[in-house]
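Nothing in this text is a laboratory measurement; each read-out follows from the coordinates by a stated rule. These numbers were taken from a predicted model, which means no experiment stands behind them. Positions of Cβ are generated from backbone atoms using ideal geometry, with glycine treated the same way; all protein chains shown enter the neighbour counts.
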Amino acid sequence: MSVPTDDISSKVVDLSSAFAGLDGLPPAERVRAAMQIAAHFLEYAAYEMALEQSAGDVSEIIHMAARLDQAARRIGEKSVAADAARDLRKI
């Protein structure tokens with residue numbers, strides 16, 4: 001999937017390989033991984049913004065990244081717990 005970006009002249013961000021990699025994961029893992037990738041992009045944006053934007057804007061982006069990362073970790077923990085419960089039922 002290519003995502004045209006209006007802010008970057010005529011350049012295009014190619015996310016095809018990232019989405020292809022995510023598509024190969026199990027659904028619960030796919031969600032967690034996608035959220036962690038999004039958190040990393042937000043962290044990168046905040047780092048790049050730091051010298052030119054207000055501290056409030058930068059901290060808002062950092063906060064969003066942290067919330068996404070926390071949510072991804074919760075999803076990962078629930079997935080591990082569900083897998084453990086499923087394994088116990090097999091015994």
Next item on the list: Output ³J(HN,Hα) for the stretch 63-71: one whole-Hz value per residue in order, computed from phi by the Karplus curve 6.51 cos²θ - 1.76 cosθ + 1.60 with θ = phi - 60°, and x for Gly and Pro.
Entry: 4, 4, 4, 5, 5, 4, 4, 4, 5
Check: What spacing in nm lies between the two simple spin-label points modelled at residue 47 and residue 64, each 7 Å away from Cα in the Cβ direction?
Finding: 1.8
